[in-house]
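The values are calculated or read from the model by the stated rules, or taken from the named source; none is laboratory data. It should be emphasised that the depicted structure is a prediction, and the values quoted were computed from it without experimental measurement. Glycine also receives a Cβ, built like all others from the backbone with ideal geometry; neighbour counts cover every protein chain displayed. Only protein heavy atoms, including side chains, enter the accessible area calculation; ligands, DNA and RNA are left aside. Shrake-Rupley method; radii C 1.70, N 1.55, O 1.52, S 1.80 Å.
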Amino acid sequence: MPAAAASAGVPVWGDIELAWRLDQGGHYGPPRRWLTITGTNGKTTTTSMLHAMLVAAGLDSRLCGNIGSPVLDVLHEPADVLAIELSSFQLHWAPSVRPEAGVVLNIAEDHLDWHATMDDYAAAKAGVLRGRVAVAGLDDPRAAELLAAAPAPVRVGFRLGEPAAGELGVRDGMLVDRAFADDAALAPVSSIPVPGPVGVLDALAAAALARSIGVPGDAIATALASFQVGRHRAELVAVIDQISYVDDSKATNPHAAEASLLAYPRVVWIAGGLLKGASVHETVARVAPRLVGAVLIGRDRAMVAEALSRHAPDVPVVQVVAGEDIDMHATAESPVAYVTHVVPISDETVGARVMNAAVAAARDLAQPGDTVLLAPAGASFDQFTGYGDRGDAFAAAVRATTR
């Protein structure tokens, strides 16, 4: 219906567009400063980090958008600034939004079952770069291209390496700002609680937005030191027999799964679900050296299996199959074992049963020092009610191994 209306020349406003117009029109008092975050991965963590930085600086901040409360709801509350997570869908229907500052974290294949092309997807994400300050991750080629083309009068990049003038980056183990200061050390990398390079990038993005409105470095350091990672985001569930079990169920596309996998040296990977039109081949090729095993679940598990057979042929793979009568088998030509659990598709416990089998298989593949990582690379709705339900099933299955 919205697409048909737009094709007919009828203006279509999403909830973000409506909230922007109401706020800018003064319907709820003086307009707030909007700090907006989008990207394929890392949005929620970055937005939460930003909110913590704003609060640490003494600002009255509201966490909203695609996280927390809808923007329309928080407009009824007094606030200095809004930390807003925005999806590509929300931005697609919000053409007038001009935030005080906005960041594109990264761009990778996702939601191609909704957006016609990658260019359409990226164009929607670029909507956050139309305000006063545009920020983007320079280590991501597509995000860097969007920044170079952004109409914002101030453009700031961030990178994992040492920053040039006008950038934020890392030097000598510290987050450094050379965009909003000559050369300001903000916080030690060691204080970031999110493991791997992705945690550093999220912190740099949040710091860039905070610095764009004058948040001091000590507030950024305080916020990062006390920050707690959200549920199902690289969450350590347990360490059993020297094997770590990590729930990153929020890794719902290959790009997110890759970032998660690269944080650990030896991984038994639990993956699968709904790939939403994305290819997993490049991810598997890059993470193959870290894989010591893989356990595949969900509707699109065969696509992940095919990528593993091509790019990681020596990695043992187990497929957990629900609702299909397939005998367990393995061949000399393919190190794949099919574990069959014949469960009625209507059975509400199918997700829990699948995850119990997956964790059991992963435990058998893992050795002391390894990490069993749930980073599915796909959406969860084929077997679970959401990524939270999937992560909870994983945690329950892990804890059951200690009983």
Please determine, by comparing only the residues of the stretch 44-74 that are out of contact with any strand residue (DSSP E or B) (no Cβ under 8 Å at 6 or more places or on another chain) and not hydroxyl-bearing (Ser, Thr, Tyr), which one is farthest from Val104 (Cα to Cα).
Gly58
Collect the residues in the stretch 303-350 that are assigned to a helix (DSSP H, G or I), out of contact with any Gly (no Cβ under 6 Å at 6 or more places or on another chain) and either of a type in the set (Val, Ile, Thr) or at pLDDT below 95 (or both), keeping them in residue-number order.
Val350
Within the stretch 347-360, track down each residue that is open to solvent by 40 Å² or more (accessible area, probe 1.4 Å) and aliphatic (A, V, I, L, M).
Ala352
Could you count how many residues in the stretch 147-158 are surrounded by fewer than 21 Cβ atoms within 10 Å (Cβ to Cβ) and either in contact with a helix residue (DSSP H, G or I) (Cβ under 8 Å, 6 or more places away or on another chain) or under 12 Å from Gly39 (Cβ atoms) (or both)?
5
So for the stretch 251-272 (the condition being in a helix (DSSP H, G or I), surrounded by 17 or more Cβ atoms within 10 Å (Cβ to Cβ) and either of a type in the set (D, E, K, R) or free of Cβ contacts under 8 Å to residues at least 40 places away in the same chain (or both)), does at least one residue qualify?
yes
Which one of these does Arg363 not meet: (1) farther than 23 Å from Thr252 by Cα; (2) surrounded by 12 or more Cβ atoms within 10 Å (Cβ to Cβ); (3) at pLDDT 50 or above?
(1)
Kindly indicate whether any position in the stretch 117-128 is at pLDDT 95 or above, among the hydroxyl-bearing types (Ser, Thr, Tyr) and either part of a loop (DSSP other than H, G, I, E, B) or crowded, with 23+ Cβ neighbours inside 10 Å (or both).
no
Taking the stretch 372-403, which residues are within 25 Å of Val292 (Cβ to Cβ), of a type outside the set (A, V, I, L, M, F, W, C) and open to solvent by 10 Å² or more (accessible area, probe 1.4 Å)?
Gln383, Tyr387, Arg399, Thr401, Thr402
Would you please list the contacts, defined by Cβ atoms under 6 Å and residues six or more apart or on different chains, that run from a residue in the stretch 185-197 that is within 15 Å of Met174 (Cβ to Cβ) to a residue that is open to solvent by 50 Å² or more (accessible area, probe 1.4 Å)?
Ala185/Met174; Pro188/Met174; Ser191/Ala225
Condition check: within 18 Å of Ile16 (Cα to Cα) and open to solvent by less than 30 Å² (accessible area, probe 1.4 Å). Does Ala143 satisfy that?
no
Scanning the stretch 68-94 for residues that are under 18 Å from Gly131 (Cα atoms), at pLDDT 95 or above and of a type outside the set (A, V, I, L, M) gives Glu85
Please report, ordered by residue number, the strands (runs of 3 or more DSSP E) entirely within the stretch 181-248 with at least 2 residues that are open to solvent by 30 Å² or more (accessible area, probe 1.4 Å).
184-188, 235-240
